[in-house]
Amino acid sequence: MPAEERIRIETEADIINARQKGRELAGGLGFSSTDLTMIATAVSELARNIIEYAVRGEICFLLSSEDGRQGVAIIAHDDGPGISDVDQAMRDGYSTGAGLGLGLPGVRRLMDEFDITSELGKGTTITVMKWRQ
């Protein structure tokens with residue numbers, strides 16, 4: 001199993017492909033079905049945000065091992081407009097689009113680790129991690 005996989009995100013079909021790849025990689029590490037669903041949901045939200053706000057980007061999956069535990073890191077990156085107020089974007093209910101504003105806060109709740117960096121005019125990178133229990 002490769003230690004890294006990259007999926008270009010430009011279409012709705014790419015969202016499905018990324019979800020499936022996330023489930024496949026995490027499944028290979030022995031994640032529970034509940035965790036697989038959480039990972040697939042997080043990937044879907046991250047990929048959908050790329051299409052909605054940046055038009056295109058990529059999701060990278062990295063397998064990780066630390067202190068005897070295994071996990072999968074998911075890095076969503078785009079070169080879009082960036083997020084003007086990251087703190088506000090992380091609040092439940094806030095959305096600049098047509099959604100309910102649950103995407104990024106929901107991803108943060110689903111995963112074990114969450115980091116976001118964004119620069120106006122240069123894009124956004126969100127890195128999340130899920131450890132196998």
For this session: Give me the number: length gained by fully extending THR34 to ARG8, i.e. 0.36 nm times residue separation minus the C-alpha to C-alpha distance, one decimal in nm.
Result: 6.8 nm
Exercise. Which of GLU5, GLU45 comes first, and how do the rest follow, when ranked by fewest Cβ neighbours within 10 Å?
Worked result: GLU5, GLU45
Problem set entry | Of [x] 0.95; [y] 0.98; [z] 1.00, the label for Rg/Rh (Cα atoms, Kirkwood Rh) derived from the coordinates | [x]
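Values quoted throughout were computed directly from the atomic coordinates according to the rules given, and no laboratory measurement underlies them. Keep in mind the model is a prediction, meaning the values are calculated, not measured. Neighbour counts run over all protein chains shown; Cβ positions are idealised from the backbone, glycine included.
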